[in-house]
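Throughout, read-outs are computed from the coordinates displayed, never taken from laboratory work. These figures come from a predicted structure and were not determined experimentally. All Cβ positions, glycine included, derive from the backbone under ideal geometry; neighbour counts span all protein chains shown.
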Amino acid sequence: MIKLKSILSEGFDKQAVVDRVYPQVVKNLGRARRGVPKVEFHSNIYVRVTGDPDAQGEANPHAEYNWEANEIYLYTPKMKNEKEIIKALLHEYTHATQDHRKHAENRKLGYKKDPDEIAARKAEKNWKRYV
């Protein structure tokens, strides 16, 4: 038996969502410090880092921003619907607009108290603007 959720996710074009939403995110959130980051999809962080298509591990984020490469990585298993993609783009692009020199010091405060993460989580709350 095929579940409705499976049918809906099969026809879900993640790249089309990025193509439609990301330019508006960039426009609304303003200039990123290093220019507009490229967005890439990967199956998980371990595959991206090792290049091994079978690589697995315990910690796997929804998305991440790589300051050095100026790239946003969206991990496909976590991108189950349009809302998740939009929230991830808003969150990670917010990091691209922040002062990276303060990153290490802010991280010492812990994830919940890190001002960069607070701002990124706040940006996510506007996801409905992009639907």
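Rounded to whole numbers, the Karplus 3J(HN,Hα) couplings from phi for the stretch 15-22 are 5, 5, 5, 4, 4, 7, 8, 4 Hz, using 6.51 cos²θ - 1.76 cosθ + 1.60 with θ = phi - 60°, and x at Gly and Pro.
As a length-normalised measure over Cα pairs under 8 Å and 6 or more apart, the relative contact order of the stretch 12-130 settles at 28 percent.
With respect to the chain, whose longest principal axis is taken over its alpha-carbon atoms, helix 115-124 is tilted by about 40°. Other residues lying with their Cβ under 15 Å from the Cβ of Lys113 contribute a combined charge of +2, Lys and Arg counting +1, Asp and Glu -1. Working note: Debye formula, equal point scatterers on the alpha-carbon atoms of the stretch 60-131, no solvent; log10 I(q)/I(0) at q = 0.11, 0.13, 0.25 Å⁻¹ is -0.26, -0.37, -1.20.
Separation of the stretch 15-34 and the stretch 63-131, taken as the distance between their Cα centroids, equals 13 angstrom. A Stokes-Einstein calculation at 20 °C with viscosity 1.002 mPa s, built on the Kirkwood radius of the stretch 12-130 over Cα pairs, returns a diffusion coefficient of 145 µm²/s.
How big is the dipole moment of the stretch 12-130 about its Cα centre under a simple scheme where the beta carbon of each Lys and Arg is +1, that of each Asp and Glu is -1, and everything else is neutral? Debye, nearest 20, please. Dipole size: approximately 720 debye. Take the Cα of Asp52, step 7 Å toward its Cβ, do the same at Glu68, and the gap between the two points is 2.0 nm. Counting DSSP beta bridges with both partners in the chain, what percentage is antiparallel, nearest 5? For the chain, the DSSP antiparallel bridge percentage is about 40.
Determine the sum of side-chain charges near Tyr75: Lys and Arg each +1, Asp and Glu each -1, restricted to other residues whose C-beta is under 9 angstrom from that of Tyr75. Cβ neighbours under 9 Å give a net charge of +1.
Multiplying the residue separation of His100 and Arg129 by 0.36 nm and removing their Cα-Cα distance gives an extension gain of 7.7 nm. What does the charge count near Tyr130 come to, summing +1 for each Lys or Arg and -1 for each Asp or Glu among other residues with Cβ under 13 Å from its Cβ? Local charge sum for Tyr130: +3.
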